[in-house]
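We did not get these values from a lab; they are worked out from the coordinates using the rules stated. Everything quoted here is computed from the prediction, not taken from an experiment. Cβ: placed from backbone, ideal geometry, glycine included. Neighbour counts: every protein chain shown.
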């Protein structure tokens, strides 16, 4: 597991009304780490936030964590 995946999971669980429904996967996609966040549709809006600001912040945190491992990361939000 990568630090970026761990960061995304911790933040998503903290924001979700149903933290047990949060699932985070990671795959290496063309040399770049792909982190997919799956959660209940009702929680997805909260995690994305107004105008995507919360999602942008989560992506920035994941990028900073990935940088510590000399990696690039792409975070995708799924319901």
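A few remarks follow.
- At R0 = 25 Å, FRET efficiency that the Cβ-Cβ distance of residue 71 and residue 25 yields, to 0.05: 0.95
- Among the listed options [x] 1.04; [y] 1.29; [z] 0.95, the one matching Rg/Rh (Cα atoms, Kirkwood Rh) as calculated from these coordinates is [z].
- Theoretical ellipticity at 222 nm over the chain - DSSP helices of four or more residues, -39500 (n - 2.57) apiece, nearest 500: -14000 deg cm²/dmol
- Residues residue 57 and residue 32, FRET efficiency given R0 of 22 Å [Cβ-Cβ distance, rounded to 0.05]: 0.65
- Contact order normalised by residue count of the range 3-78, Cα under 8 Å, 6+ apart, percent: 37
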